[in-house]
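Encoded as structure tokens, the structure appears first; notes follow it.
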Amino acid sequence: MTQSLFMCAPDYFGIEYEINPWMSLKRQADRRLARAEWETLHRFLTAELKLDVQLIRQVSGLPDMVFTANAGLARGKTFIASNFRNKERSGEASHYEAWFQEKGYTVYHLPPSYYFEGEGDVLFSDDENAFAGYLIRSDVTAHAAVAERLGVRIVSLELVNPRFYHLDTCFCPLNADSVVYYPGAFDAYALEVIKANFSDRIEVTEREAEQFVCNAIVIENHYIQAQGGQETLRPALEKRGYHIHEFDMSEFIKAGGATKCLVLKLTEAPQRAKGYK
Ligand code: ARG
């Protein structure tokens, strides 16, 4: 498989502040268990799916750096750096920038007043179409700038539920026609937009959404998710020919993230996009 992923092993992961409703200083993550959960996922991606996984070293004092989906957005050799909304995470940015620069990427910065949390809020349904979440973390103004920079179409979706603060916590496109999502995370207009753009919609229940099953890594017909989704998601995915791989993400869910948040896709630029800057 040609897909490469960018990850960060949890050397200094922990719950050191509260910036989303899942995080509580009273509910600390078990470091050893977090390490084991991450290793199991990493081993699956590299040894089973044979994906290339590139690693950045976690920096002490930046406990959420494990969630590399928020580093920015990478496409071809362009990297659009995130502007984190919360000061607790903004220290991560220079480390990601240095890594991508070192690997030969052109690093692009959005205007500093546009908050943008990378792939956590931007998900592609095919090579030229992406969906982006805004309001809670990223700003809608950032979407237009990203779309222009990458030469892709971005459809903005308003997130209204603080528990599902990044698009990847409640929405997972399978391809250009099919999507997995939790309706309770979106405003009425976003729900219309989702209907208009996907003819095949798998709606998960609140209970399933809270298990973080929308937060999945999709590689061809593999759906790589946290444990759960027995009621509606599993049968729906099986019917569509997906292989479901469940991983215990208990420690990362305490920080508000699961499988998808732990990876950033490093994708070769599609042929069509080559003419763009
Ligand atoms: N604690 C992190 C935060 O609130 C979790 C980030 C999860 N990442 C994601 N792509 N949903 O920023």
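The values are calculated or read from the model by the stated rules, or taken from the named source; none is laboratory data. Note that the structure is predicted; figures quoted are calculated from it, not measured. All Cβ positions, even for glycine, are placed from backbone atoms using ideal geometry, and neighbour counts span all protein chains on display. Quick note on the areas: whole protein, heavy atoms, side chains included, nothing else; ligands and nucleic acids left out. Shrake-Rupley method; radii C 1.70, N 1.55, O 1.52, S 1.80 Å.
For the residues ARG163, ARG137, ARG207, a GNM of the chain with alpha-carbon springs under 10 Å puts the largest fluctuation on ARG207.
Using Cα centres only, tell me the gap between segment 122-190 and segment 205-269 in whole Å. That distance is 17 Å. Label segment 33-86 by shape, choosing from rounded, prolate and oblate, from the square roots a ≥ b ≥ c of the eigenvalues of the Cα gyration tensor; if a/c is under 1.5 it is rounded, and otherwise prolate applies when a/b is larger than b/c, oblate when it is not. Since a/c reaches 1.5 but b/c is at least a/b, the shape of segment 33-86 is classed as oblate.
Between ILE202 and VAL179, VAL180, TYR181, the built amide H atoms are under 5 Å apart, and every one of these is 5 or more places off in sequence or on another chain. Is the chain best put as rounded, prolate or oblate by its Cα gyration tensor, with a ≥ b ≥ c the root eigenvalues, rounded for a/c under 1.5, and otherwise prolate when a/b is larger than b/c, oblate when not? Rounded. Computed over protein heavy atoms with a 1.4 Å probe, the carbon and sulfur contribution to the accessible area of segment 85-141 reaches 51%. Here segment 1-156 is treated with +1 on each Lys and Arg Cβ and -1 on each Asp and Glu Cβ, and its dipole about the Cα centre works out to around 240 debye. Taking the DSSP beta bridges with both ends in segment 121-277, the antiparallel portion is around 40 percent.
A Gaussian network model of the chain, with springs between Cα atoms under 10 Å, assigns the largest mean-square fluctuation among PHE13, PHE171, PHE44 to PHE44. For segment 199-253, the relative contact order works out to 34 percent when only alpha carbon pairs closer than 8 Å and six or more residues apart are counted.
Per residue, the average separation of C-alpha pairs within less than 8 Å and at least 6 apart gives the chain a relative contact order of 22 percent. Overall form of segment 1-117: oblate. Here a/c, set by the Cα gyration tensor axes a ≥ b ≥ c, is 1.5 or more, and a/b is not larger than b/c. Nearest 5 is fine: what % of DSSP beta bridges in segment 1-140 come out antiparallel, could you say? Approximately 55 percent, going by the DSSP bridge assignments. With contacts taken as Cα pairs under 8 Å at a separation of at least 6 residues, segment 131-277 carries a relative contact order of 19 percent.
Out of all DSSP beta bridges in the chain, what portion is antiparallel? Express it as a percent rounded to 5. DSSP beta bridges in the chain are roughly 45 percent antiparallel.
Accessible surface area normalised per residue over the chain is 42 Å², counting heavy atoms of protein chains with a 1.4 Å rolling probe. Extension gain, ALA144-ASP30: 0.36 nm per intervening residue step, less the Cα-Cα distance, totals 37.1 nm. Pairwise Cα separations in segment 111-193 fall into 10 Å bins from 0 onward with the following percentages, short to long: 20, 56, 23, 1. Among the lysines of the chain, pairs that are 8 or more positions apart or on different chains and have alpha carbons within less than 23 Å of each other number 21.
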